[in-house]
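Each value in this text was obtained by applying a stated rule to the coordinates, not by laboratory testing. This structure is a prediction, so every number in the text was calculated from the model and none was measured. Cβ placement follows ideal geometry from the backbone for every residue including glycine, while neighbour counts extend to all protein chains displayed.
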Amino acid sequence: MNLFPTLMLSVLITIGMIPVLKIFALRLNALDLPNHRKVHSAPMPKVGGVAMAMGAMVPILLWSPGNRFLDALLLGAAVLIIFGIIDDIKEMSYKGKLAGQIFAALIVVVFGGLRIECMGDCLPAGAVVPPWVSVPFTVLAIVGVTNAINLSDGLDGLAGGISMMIFICLCFLAYQTGMPEIALLSVAVIGAIVGFLRFNTHPAIVFMGDAGSQLLGFLAVSLAVHISQSSESLSRAFPLLLLGFPILDTLTVMTERICKHVSPFKADKNHFHHKLMRLGLSHASAVVAIYALQFVLVMSAFLLRYHSEWILVLQYLSFCAIVLAGFYWTDKRGWRFPRHDLFDLLSKAKVSIFDNRQYIIKTSFGMLEAAAPLLMFFCCLSLVRVPAHLGYVSLVLSLALMVVWLSRKRWMLGMLRVIFYTMVPYLIFLSHAQVAELLHERGQLIFQLVFGVLALLAVMTLKFTRRQQGFKANPFDFLIIFASLIITRIPDIRNSVDDVSLITAKVIALLFAFEVLLGETRGKVNKLNFIIFISLGTLFFKAVL
């Protein structure tokens, strides 16, 4: 399977299309205007969903073998994207949205054969739900979850982060149960979300719009149902845990609206993320709190995937009871979180800089500026075997870096981030095993310690810098950590890849060092560009030769 090329291609297409589509958004008035129930204060282009669709669909059309279900799924997704674009340009009523969602659901149910027919232990042994029940029930489930993800898109990075964790789990389950085409589609969506979140993490400069949020919800529920119904070993109830948080949020909000004698479709500010902000959390902290809750459900779905359906249902009901009781208790008591911005505390300590401390920042930054790119170069140099696709990607990225370096220097930081986030994880993964062939045991230990020293230098640079505007932790950084925790807990990966936790720690350390470095360079990145360019060239020539 072309999993890694699919991931990188979807990331690059999404990142490349968003700036282009922003221009069309302004011309077509596809803007999300601020109002009393929204948290943003300026008009935002709603083109992220179209960019994600392009980023995900291109590699699928190139490399997926296709089948009846996948063809119907892509057709249904295309319908939702068209309705979403219309809604993003000219707001539709909820009836129009619902019609598009039902149409897309019917395509994947009728033509794709998707059915919720087996309920496991919830029905007598061997009992199957008849078609006259399973068809409308499946359509209802697809439409319901599509709307749930759509309604969860209320804060920067929220719907994208929730969906990313869902698709990581779906990718592994599809791979484990022998569904390569579903794993490939999941990887493509993950790449598209990663590319989009570079523009959507707080403070966002682009929104996904209804085209994006409905697409993510539709694909997530369709794939989850397909995997659970196609595999005899998996619990039929694992989609409930996997998709449970947005479902709980939507049902809670609609119930509250009905109790107040208003339409359940009338928008308000009573979603869980709104309640967390009213409890005193900042925008970014509320997003991370919901990431943490979603992480609990995703890990529960993964760990309980072979258990009885009743166990998963009880787990979900217990989670719902705890969350709802927590909000009820805090609302009745008037309790508020202490007003400390989590990201201010984690990003930069405010310390007075004395003259005798200047040498600390100069030394730590100087060493960081040299060590981070040289370490990446060493990783490239240490590879004895370089896959051909990695060489071609390196060539494309090196040419793009050269073009930006010579003609569009204001794009340089963005270009470097694209290179770091696409190359560093795979580079560390390959070099971890191959370095052992070059270095003796003591040399390998020193190589591992270099990453720890690099992280220490980055922390010291943050602590003693004079800059007010530099690296600051954001929800995307925490999402990467949650995603890493999910991946490193998967037994098949943990057993097949030696020291997967160490590899993950090295990836995070190097990416953290580069983020701090970019924030502290004040735009002077020529030396960094040169070493990165040489590193990419080294990979290309190793792959070719």
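Quick notes on this one:
- On Cα atoms only, tilt of 48-63 relative to the major axis of the chain in degrees: 90
- Local net charge near Pro130, Cβ-Cβ under 13 Å (Lys/Arg +1, Asp/Glu -1): 0
- Selected from Ile190, Val109, Ile446, residue furthest toward positive end of dipole (the chain; charges at beta carbon): Ile446
- Dipole of the chain, positive direction: furthest Cα of Ile82, Cys169, Ala370, with charges on the beta-carbon: Ala370
- Between the listed residues Val221, Phe272, Met119, the Cα displaced farthest toward the positive end of the dipole of the chain, a dipole computed from Cβ unit charges relative to the Cα centre, is found at Phe272.
- Placing +1 on the Cβ of every Lys and Arg and -1 on the Cβ of every Asp and Glu, with nothing else charged, gives segment 224-333 a dipole about its Cα centre of roughly 400 debye.
- Between helix 475-488 and the chain: long-axis angle, C-alpha atoms, 0 to 90°, nearest 10: 80
- In a simple Cβ point-charge model (Lys, Arg +1; Asp, Glu -1; nothing else charged), the chain has a dipole of about 1820 debye relative to its Cα centre.
- Between 0 and 90°, nearest 10: helix 209-230 axis offset from the chain longest Cα axis: 70
- Segment 30-154 - Rg over Rh from alpha carbon coordinates, Kirkwood radius: 1.05
- Seen from a random direction on average, the alpha-carbon convex hull of segment 121-172 projects onto 5.2 square nanometres.
- P(r) weight above 28 Å for the chain, C-alpha pairs, percent: 58
- From least to most packed, judged by other beta carbons within 10 angstrom and beginning with the fewest, Lys332, Lys97, Lys362, Lys275 follow the order Lys332, Lys362, Lys275, Lys97.
- Listed by Cβ neighbour count within 10 Å, with the fewest neighbours leading, Thr14, Thr255 appear as Thr255, Thr14.
- Neighbour counts of C-beta atoms inside 10 Å place Tyr328, Tyr291, Tyr421 in the sequence Tyr328, Tyr421, Tyr291, starting with the fewest.
- A convex hull fitted to the Cα coordinates of segment 3-244 yields 113 cubic angstrom per residue.
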